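Have a look at the structure below, then the notes.
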Amino acid sequence: MPASDYDSACLPDILPLYYRRLFPFSQYYRWLNYGGVQKNYFQNREFSFTLKDDIYVRYQSFTTQNELEKEMQKMNPYKIDIGAIYSHRPNQHNTVKSGTFQALEKELVFDIDMTDYDDVRSCCSAAEICPKCWTLMTIAIRVLDRALRDDFGFQHLLWVYSGRRGVHCWVCDEAARKLSVAARSAVAEYLSLVKGGDETMKKVVLSDPIHPFIRESLVVVERYFPLYALQDQDILGRKESVDKVLALTPEDILFRTCSRANSSIAQANSSPQFISLKSNLQQDFQNEKKPENRWNLLKDQAKRKQATSKKGQHFEKEIMLQYCYPRLDVNVSKGVNHLLKSPFSVHPKTGRISVPIDLKELETFDPFAVPTISMICEELDRPRTVEEEDKSEETIDKENEKDAAESRKIRDYKRTSLAKYVKCFDQFLDVMARSWKGELLRKSDLQKDF
């Protein structure tokens, strides 16, 4: 179902159904409780709800899964944000002595938003996305996931589609959750290569020797660059795109390239004549129509420059990184008390659910195929099959009333397009649970030793 079939005016009617029958509260609590390893971990977590008409309710906190469930079903939030674990219960923050209410821990989070790539995509702009530019999100996940696992040793990374135009990463390892603001800033800065605002033309500058992390990132970028930049964005096709690429190349490279075509002009090196040299290179590009071959011309010049220059010249790598490297909202990652949109929250503009991304299927992940809330609510109305009815009655017979209600909810989401995303979340939690068990055993052994 395309997003155009979703009508935001229906949200007040279908959100109650979503929170009552489809939201995966059991898995959600299992995640944020972290196995109960630390006392009051879930109870001291901040939740923030955005209600109808942009009413913003911060510092919500809950003692149990049941309490969270009842409040969400009562308030039916249009959007859910997750905050830090505090020193005291967030819903009691007004009763705590001034200065003592502190954010202590939170997952290390990353927010990649497509709007930050507007200067390197021509297919869309602002909140719009399409399959051509979604490749940027695939690259971002590949680059950052490798670095966070291999360079920092983190293991429990939850990647989530935002529901509209970006992706979020929740690094859930205990070591990541305990990082200080300074440590979070250091990680975010380590992963940031694209620097400068709209007024900065050249946003990536490499130095010699190239850091191993950047070399590893280039392996990923080089794999996607021909498809994304040369084909889908046609950066060496249209004149304005070509001019942007040439502006990222050192002037002497342009001079030497042009001098082959017009050696008489190359005798002079004043600034006004350099413009005509640039035009000459563009004429050379006219003789070579294929973007791939134009790119090879630039790469050949880079190799020549690298062979003769004492100082490192990596302008072709800088161009690739400027067009494809992940662009982080560093402020989101630095702050412990920064809020981030929750998995399984509904995006009010598109109606799409914010779902976990299975990295084994990353290449085929389609944001336009992510179910909308109206779609999964409609799927609930489909008649049950005979097999589903038989299983339902058999299960209810074996359960008490409370368990049966929970089981019914599980069966409900399994009948919808949400099922595969909840399964992905379950698999993530199963892996993480093994580390919780190890930690609980360690604490038990310590108590025995004491």
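The values are calculated or read from the model by the stated rules, or taken from the named source; none is laboratory data. Here the structure is a predicted model, which is why all the values come from computation and not from measurement. Quick reminder, even Gly has a Cβ in these numbers, built from the backbone with ideal geometry, and neighbours come from all protein chains shown. Keep in mind that these areas ignore ligands, DNA and RNA; they rest on the heavy atoms of the full protein, side chains included. Shrake-Rupley method; radii C 1.70, N 1.55, O 1.52, S 1.80 Å.
Number of residues in region 131-172 that are closer than 18 Å to residue 427 by Cβ, open to solvent by less than 10 Å² (accessible area, probe 1.4 Å) and part of a helix (DSSP H, G or I): the value is 1. Where residues in region 301-331 are hydroxyl-bearing (Ser, Thr, Tyr) and free of Cβ contacts under 8 Å to residues at least 60 places away in the same chain, which of them is most open to solvent (accessible area, probe 1.4 Å)? Only one residue tops the list, namely 308.
Taking the numbered list (1) closer than 19 Å to residue 338 by Cα; (2) more than 17 Å from the chain's Cα centre (by Cα) in turn, residue 70 passes all entries but (1). Among the residues making up region 9-51, those that are more than 28 Å from residue 92 (Cβ to Cβ) and touching a Lys or Arg at 6+ places or on another chain (Cβ under 7 Å) are 12, 21.
For beta carbons closer than 9 Å, sequence separation of 6+ or different chains, a first residue in region 213-230 that is more than 15 Å from residue 136 (Cβ to Cβ) and aromatic (Phe, Trp, Tyr) and a second that is at pLDDT 95 or above and not in a helix (DSSP H, G or I), the qualifying pairs are 213/191. Reported count of residues in region 5-58, each being closer than 20 Å to residue 372 by Cα and assigned to a strand (DSSP E or B), is 3. Scanning region 229-240 for residues that are assigned to a helix (DSSP H, G or I), of a type outside the set (A, V, I, L, M, F, W, C) and closer than 13 Å to residue 295 by Cα returns a single hit, 231. Within region 256-266, can one find any residue that is modelled with pLDDT of 50 or more and aliphatic (A, V, I, L, M)? Looking for residues that are modelled with pLDDT of 50 or more and aliphatic (A, V, I, L, M), one finds none in region 256-266, hence no. Taking the criterion of being modelled with pLDDT under 95 and either crowded, with 17+ Cβ neighbours inside 10 Å or of a type in the set (A, V, I, L, M) (or both), the residues of region 1-34 that qualify are 1, 3, 6, 9. Output the qualifying pairs, or none if there are none: Cβ atoms under 6 angstrom, residues six or more apart or on different chains, first residue in region 54-73 and closer than 22 Å to residue 38 by Cα, second residue surrounded by 15 or more Cβ atoms within 10 Å (Cβ to Cβ) and aliphatic (A, V, I, L, M). As it stands, the answer is 62/68, since those pairs meet every condition given.
Does residue 104 satisfy the criteria of being in a strand (DSSP E or B) and either within 17 Å of residue 82 (Cα to Cα) or open to solvent by less than 10 Å² (accessible area, probe 1.4 Å) (or both)?
Considered against the rule, which asks whether it is in a strand (DSSP E or B) and either within 17 Å of residue 82 (Cα to Cα) or open to solvent by less than 10 Å² (accessible area, probe 1.4 Å) (or both), residue 104 comes out as yes.
Looking at residue 80, is it in contact (Cβ under 8 Å) with a residue 24 or more places away in the chain, under 21 Å from residue 373 (Cα atoms) and in a strand (DSSP E or B)? Considered against the rule, which asks whether it is in contact (Cβ under 8 Å) with a residue 24 or more places away in the chain, under 21 Å from residue 373 (Cα atoms) and in a strand (DSSP E or B), residue 80 comes out as yes. At least 2 residues being open to solvent by less than 90 Å² (accessible area, probe 1.4 Å), at pLDDT 85 or above and under 25 Å from residue 146 (Cβ atoms) is the threshold, and among the helices (runs of 4 or more DSSP H) wholly inside region 335-450 those reaching it are 419-449. For region 107-130, a residue qualifies if it is assigned to a loop (DSSP other than H, G, I, E, B) and open to solvent by less than 10 Å² (accessible area, probe 1.4 Å), and exactly one does: 107. Scanning region 36-57 for residues that are open to solvent by less than 30 Å² (accessible area, probe 1.4 Å) and modelled with pLDDT of 95 or more yields 41, 42, 44, 45, 46, 47, 48, 49, 50.
In this structure, does residue 79 turn out to be within 18 Å of the chain's Cα centre (by Cα) and of a type outside the set (Phe, Trp, Tyr)? When the stated conditions are applied, residue 79 passes them. Screening region 285-300 for residues that are exposed (fewer than 15 other Cβ atoms within 10 Å of the Cβ) and over 30 Å from residue 209 (Cα atoms) and picking the one that is modelled with the lowest pLDDT gives 286.
Do we have residue 87 as open to solvent by 50 Å² or more (accessible area, probe 1.4 Å), farther than 25 Å from residue 24 by Cβ and of a type in the set (Ser, Thr, Tyr) here?
no
Scanning region 188-196 for any residue that is under 30 Å from residue 307 (Cβ atoms), of a type in the set (A, V, I, L, M, F, W, C) and exposed (fewer than 13 other Cβ atoms within 10 Å of the Cβ) turns up nothing.
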